[in-house]
Structure formats: C-alpha cells, structure tokens
Amino acid sequence: MKNDMSVVIAQPRGFCAGVDRAIEIVEAALKKWGSPVYVRHEIVHNKYVVEDLKKKGAIFVDELNECPDDRPVIFSAHGVPKSVPEEAKNRNLLFIDATCPLVSKVHIEAERYSNRGLQIIMIGHEGHPETLGTMGQLPVGEVLLVETVEDVKRLKPRDPKKLAYVTQTTLSMDDTRDISEELKRKFPLIVEPHKEDICYATTNRQLAVKELAKQVEAILIIGSENSSNSQRLVEVGEKAGCNYVRLVEDKSKVDWSAFDKIKKVGISAGASAPEVLINELVSEFKSRFSTRVNLLPVVQENVSFKIPKALRK
C-alpha cells in the first residue's frame, strides 16, 4: 500500500512574460528564416528549454564571432552590453533583441541617471549575464557592483553626493532591501529607482513560496542551477522556515528517500522552468504515493509582452 502524500502547487510559478516572449522570438525566427538561427547565450536559464530549441534548429553560442554573417542572431532575455549590438551592426548581421522589457527598463534607467552626472551602483550577482548586460550599458567605472551589505560598507564612489542605484531583476526582495537600506544609510543623497527594479514575476514567485513554506514540510523548486531567480526561491523558502528546500532540474534529480517521513510537499518553479517539468514531477509523486494535489493561489498574473515587429505576422 502506498503512503499518503499531499502535494501543494504554488501559483504563480514557472514561465513569466519575459521568458514566454524570448522563447516565442526564437520560434518565430525559426519559422520566418528557417534553421539555423543563432542565439547568443542561453535564451533563458533552463536546460530543458535550451535543448528543446536546439532540436528545432537553434544554435547557442557564447559570442558573436561564432555566428556566420548570413544567419539571424538573437540576444538572450538577460540583456547584452551595448558593445554587442554595435558589433552586430558593424558586421551587418540580422539581429533580434529578446531582452526582457523589464531588464531593458533598468538599462534605460541607468543611462538616464548617468546622463544626470550620477555614478551608478548596481545590486546584482557578479558574472550573471543580466548584470554584465546592465553594467555594459555604460563605460567602465560608471557602474559599481555590490552583492552584499559588506560590499556597500567598502564602497568608494567618485562622489558620494552623486549616486543612483539599480538592481538585477531576479534578486531576493529581502536581501535587496537590506543592501538598499545600507546604501541609503551610507549615502543619504543616493537616488532610488523610480519604480522597484525586481520584476513582478520574481516578486510574485517569492511571495508564493513564502506562503507555501507555512503549509508544507518540504519544498521542491524546479529550475536550473544557473537560474538566479530559481536559486532565490530556494533561499526564500529556507528563510520562511521550511527545513527541506531543494532546487531540482526535473523529477530525475529528486532524492526520493527524503520523502519517507514527509507527508506534505510544496512545489514551485523558477521563471524559466516550463510547466511540463512540474506536471512530470506531480505524475512521479502520484506513481510513488497515494497523492492528493492542491493549488495555492497567491497572486493572479496577466502580464504579456509583444514580440518585435519584425517577427509579427
């Protein structure tokens, strides 16, 4: 006889509007120009999505010098430094920018601040494509990166009275709050983002995981290791008091022995994880346990972004 298991699925979870748009851009480009279509960096940070697009004819590269002159190239949803479209224009490449509009908003914000003579401080993760893209909107030295409150304490800007800050869109709201508070304490005249930079989807998924943590004994977050927003969901679940929170790429990566004594598990997914992986995980629970499935609706989402005009029918 199978043990009882209650599975609670967070809502919202998985794909956000920016990820939907980026994937749609690659698929529309393949339809319009045939394969191969080149994509600079992973279009979104999810192995399943990348492998699926490869099967359809997308070729993923690290830099433009790996792209031929006669095929379209797409820039990933995380955004790119200004030097990348400039290089593409110099080579007369046909390129489509799949940068999430909410990331583009941060790029525009940073430029506006810079035009006012302000040096920018970016709260973000070093080496993450989105951070590299945002910092690359301005000349070297114009954007200073901080990852922790300690980084803020060590910061030595050009002029402490002429500063503004922006944030990576996929960070933890709570961690970012601590860092921004320290920035405001140390630099009282610092200019804050006009509107919160952390995107709606990141915020909503974190709120849903916080609610999930109150109701379950364990949480599984579906997402890839290199997905910043998925990693943050794990941290949020742990901070909210859940003792067992794990990031898993798919059902095959679950340590099923951990569920011998657990009776109630929560499931969510990062903004770049497809629903098919959640469905497969739920099916696996049903095959192993006598499973009851419930949804935990926390926020209703109805955001969508249009794909570029060049790809619209």
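Computed from the coordinates by the stated procedures, all read-outs in this text should not be read as laboratory data. These figures come from a predicted structure and were not determined experimentally. Because the Cβ atoms are built from the backbone with ideal geometry, glycine has one as well, and the counts that use them run over all protein chains shown.
Let me spell out the model: positive unit charges on the Cβ of Lys and Arg, negative unit charges on the Cβ of Asp and Glu, origin at the Cα centre of the chain. What dipole size does that give, in debye rounded to 20?
Values: 46 positive and 45 negative charges, 147 e Å.
Using only the charged Cβ atoms, the result is roughly 700 debye.
If the cut-off is a Cα-Cα distance under 16 Å, which lysines reach residue 82, setting aside same-chain residues fewer than 8 apart in sequence?
Residue 82 reaches 105.
Which pairs, out of 195/313; 32/54; 47/286, put more than 23 Å between their alpha-carbon atoms? Numbers along the way, then the final one.
Details: 195/313 33 Å; 32/54 16 Å; 47/286 25 Å.
Violating the 23 Å Cα-Cα cut-off are 195/313; 47/286.
When only C-alpha pairs under 8 Å and at least 6 residues apart count, what is the relative contact order of the chain, in percent?
On the way: 604 pairs, mean separation 85.0, N = 313.
Result for the chain is 27 percent.
In percent, how large is the relative contact order of the stretch 180-313, given Cα pairs closer than 8 Å and 6 or more residues apart? Walk me through the numbers on the way to the answer.
Values: 146 pairs, mean separation 35.1, N = 134.
Relative contact order of the stretch 180-313: 26 percent.
Any idea what the dipole of the stretch 208-303 comes to, in debye rounded to 20, about its Cα centre with Lys/Arg Cβ at +1 and Asp/Glu Cβ at -1? Intermediate results must be reported in sequence, preceding the final value.
Working: 13 positive and 13 negative charges, 83 e Å.
In total the dipole reaches around 400 debye.
Just to confirm a number: summing +1 for Lys and Arg and -1 for Asp and Glu over residues other than residue 2 whose beta-carbon lies under 10 angstrom from that of residue 2, what do you get? Walk me through the numbers on the way to the answer.
Details: positive: 286, 288; negative: 4.
Net of charged neighbours comes to +1.
Check the straight Cα-Cα distances from residue 153 and name the aspartates and glutamates below 20 Å, setting aside those fewer than 8 residues away within the same chain.
126, 142, 174, 175, 178, 181, 182, 192
In the chain, if the dipole is taken from +1 on Lys/Arg beta carbons and -1 on Asp/Glu beta carbons about the Cα centre, which of 12, 127, 252 is farthest to the positive end?
12
Starting from 0.36 nm per residue, how many nanometres of slack lie between residue 301 and residue 173 once their C-alpha separation is accounted for?
On the way: separation 128, 0.36 × 128 = 46.08 nm, distance 1.83 nm.
Contour length minus the Cα-Cα distance gives 44.3 nm.
Considering only 240, 164, 98, give the residue with the highest GNM mean-square fluctuation for the chain, with springs between Cα atoms whenever their separation is below 10 Å.
Among 240, 164, 98, the largest GNM mean-square fluctuation belongs to 240.
Where does the chain land at 222 nm, in deg cm²/dmol rounded to the nearest 500, when only DSSP H runs of n ≥ 4 count, each adding -39500 (n - 2.57), divided by all residues? Please report the intermediate quantities before stating the final value.
Numbers: 10 runs with 119 residues, N = 313.
That calculation yields -12000 deg cm²/dmol at 222 nm.
Using Cα pairs closer than 8 Å and at least 6 residues apart in sequence, work out the relative contact order for the stretch 102-186, in percent. Display every interim value, and only then the final one.
Details: 98 pairs, mean separation 32.3, N = 85.
This gives 38 percent for the stretch 102-186.
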